[in-house]
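Accompanying notes for the structure given below.
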Amino acid sequence: MPENNIIPVIVVFGPTAVGKTDFLLNLSKISEIINTDSLQVYKYMDIGTAKPDKETISRVKHHLIDFLDPSEEFNAGNFVNKADNLCADIFSRGKIPVISGGNAFFLINFIKGLPETPKGNLLIRKKIEERLKNEGIEKLAQELEKIDTQYFSKISSNDSYRITRALEIYYATGRTVSSFKIPESPRKCYNFFLIGLIRERDELYERINRRVDLMFDNGLHEEFLKLRKRGYGLSDPGMSGIGYKEFFELEKNSGISLDNIKELIKQNTRHYAKRQVTFFKKIDNVIWENPDNSAAILDKAGEFLKQYGKSL
RNA sequence: GCCGCUUUAGCUCAGACGGUAGAGCAGAGGACUGAAAAUCCUCGUGUCCGCAGUUCGAUUCUGCGAGGCGGCA
């Protein structure tokens, strides 16, 4: 018997369009799903985020999906805290929590726990972004180099995103990024079972292209227009997602066609999938498998579940 | 049939008084300290369409072929 204060968690991850949603149905009897796709959290954004359909949702309970306004931010800290609560809750109700999605950053933070680094300080960040605009990246890079040489040496001097955040942390706390520890091993409060879904690159890209075509057939452009009507713009966190941000090109540049947008979305999605795979490869003790070969995974999952008196 | 333009990396194209070539995109690999579908880093040998000529040396010049595009018939 496992220790009773350690919660089992099945984690199912993989690049976009690999087939996670379909695979999860195999676990529907014993589980509830905690979503870790950073855009499926948003309301009104269904087609472009490839949210699971009604039928799927009716078969397994899904959490952290379709609950936030696109203007609201949802960060790694929000995710980890909510997921922690949900895991305890789901397990106490006799189900196995399954965390599934494509956001590797959130996932790693969940598995290892959040770094000590403080959460974002929007006010200070705004000021630094202002300076970035006025003074340029070189200036801020030089500043960070003096403040935190160690961290600066690990990032690119062009990485405006990380330079901004590092300065934000410094001006908010008086401490450098590298003075905060990042956890190095999985948290002991969970018994993880990690499933990594993967396909041949060609096949994955094929699926991505097909899925984007389908999204357009299902009214992705109309969905975007509705979001615009509701008043959401490029600065809203939800609208920065692939499948949405590209449509703003139509407003900016009259020479561009809907077909161009479609190709752009496919391209951005392929790039994203590649980045996801790179990130996922860092996770240890993963059972990697093509979802077409789900039987092999389910065998092992069955073993894992047996210790909790469950079977698939 | 004639005239003109064109043929260089998977694609679009640069380029060199003749010394075997380089961008963008695609593609590959990587990073990732509470914004992450974000942000960023690294990676380019290819019969320079073919053959012949000139030359120490031609992908670059000349001639002849072949493909493509356009115009005139």
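What follows is calculated from the coordinates using simple rules that are stated; it is not laboratory data. This one's a predicted model, so the numbers in the text were calculated from it and none came from an experiment. Using ideal geometry, Cβ is built from the backbone for each residue, glycine included, and neighbour counts are taken over all protein chains shown.
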- line: Once both label points are put 7 Å beyond Cα along the C-beta direction, the residue A:6-residue A:175 separation in nm becomes 3.0
Proximal lysines to residue A:262, defined as alpha-carbon separation beneath 17 angstrom and excluding residues fewer than eight positions away on the same chain: A:245, A:252
task: Let me know the Kirkwood hydrodynamic radius for the stretch A:119-199, please, with Cα pairs as the basis and the value in Å to one decimal.
output: 14.5
- prompt: What are the GluC sites (Glu not before Pro) within the stretch A:38-74 that DSSP puts in a loop, where the Cβ has at most 15 other Cβ atoms within 10 Å?
  reply: A:72, A:73
task: Could you work out the Kirkwood radius for the stretch A:16-138, taking every pair of different alpha carbons, averaging 1/r and inverting it, reported in Å?
output: 16.2
field: Per-residue [θ]222 nm for chain A (sum of -39500 (n - 2.57) over DSSP H runs n ≥ 4, rounded to 500)
entry: -15000 deg cm²/dmol
message: What distance in nm lies between label points placed 7 Å from Cα along the C-beta direction at residue A:182 and residue A:85?
response: 2.7
message: Considering just Cα atoms, how many Å³ per residue does the convex hull of chain A enclose?
response: 150
- request: Compute the whole-percent fraction of alpha carbon pairs in the stretch A:125-168 spaced more than 18 Å apart.
  value: 12
task: Could you rank the peptides A:280-290, A:204-214 by their average count of other C-beta atoms within 10 Å per residue, with the highest value first?
output: A:204-214, A:280-290
message: Full-extension gain between residue A:127 and residue A:146, please, as 0.36 nm times their residue separation minus the C-alpha to C-alpha distance.
response: 4.9 nm
- prompt: Cα to Cα, under 14 Å, and not fewer than 8 places away if on the same chain: which aspartates and glutamates meet these conditions relative to residue A:188?
  reply: A:3, A:84
- request: Set the Förster radius R0 to 25 Å, insert the Cβ-Cβ distance between residue A:260 and residue A:158 as r into 1/(1 + (r/R0)^6), and round the FRET efficiency to 0.05.
  value: 0.40
- request: Please list, or write none, the aspartates and glutamates whose alpha carbon is within less than 16 Å of the alpha carbon of residue A:54, excluding same-chain residues fewer than 8 places away.
  value: A:22, A:32, A:46, A:66
task: State, to one decimal in nm, how far the label point of residue A:43 lies from the label point of residue A:58, with both points 7 Å from Cα in the Cβ direction.
output: 2.3
query: Remind me, relative contact order of chain A in percent, using alpha carbon pairs under 8 angstrom and six or more residues apart?
result: 29
message: Sequence gap of 8 or more, or different chains, plus Cα separation below 27 Å: how many lysine pairs satisfy both in the stretch A:271-312?
response: 5
- request: Using only the Cα atoms, work out Rg/Rh for the stretch A:205-312, with Rh taken as the Kirkwood radius, to two decimals.
  value: 1.14
